[in-house]
Amino acid sequence: MPKELTTQDLAAARLCVEVLHAMQKDTRTSGWYRGEVRGKEAVGSATTALVRAGLVQPAVGSTPFRLTTKGKEFVTTQIKEWQTFLPKLDRPGNLEKIAKALKRASAAAK
């Protein structure tokens, strides 16, 4: 029987979505991804979780992190279009679906 998702799991999934979206838009500094921005300390944990899951990797240059091939596939499969995905994220079941997909990606990376 699969373990139920906790509030903490859902909060982590939401932060991971925020990090993935920022990578797609290329709008954040390396300090933001590492959680060095006041009020965004948890972003560092989300970035680390995405690295451990093999969805993102550190990069050199203007973009501090980038999606891996696995990360691109994850976004294509789970998110598809940011413009339609983000407004629907808070609908019942959508965040849970992403949290479960992130757990599967993390488990596959081990």
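The values are calculated or read from the model by the stated rules, or taken from the named source; none is laboratory data. In this text, all values refer to a predicted model and were calculated from it rather than measured experimentally. Because the Cβ atoms are built from the backbone with ideal geometry, glycine has one as well, and the counts that use them run over all protein chains shown.
Some observations on this one:
- The set of residues in segment 41-67 being modelled with pLDDT under 90 and touching a Gly at 6+ places or on another chain (Cβ under 8 Å) is empty.
- Restricting segment 1-40 to residues that are basic (Lys, Arg) and closer than 19 Å to residue 82 by Cβ, the residue that is modelled with the lowest pLDDT is 25.
- Exactly one residue among 28, 14 is of a type outside the set (A, V, I, L, M), touching a Pro at 6+ places or on another chain (Cβ under 9 Å) and either within 19 Å of residue 89 (Cβ to Cβ) or crowded, with 16+ Cβ neighbours inside 10 Å (or both), and that residue is 28.
- If the condition is being farther than 16 Å from residue 67 by Cβ and surrounded by fewer than 17 Cβ atoms within 10 Å (Cβ to Cβ), then segment 36-50 contributes 36, 37, 38, 39, 41, 42, 45.
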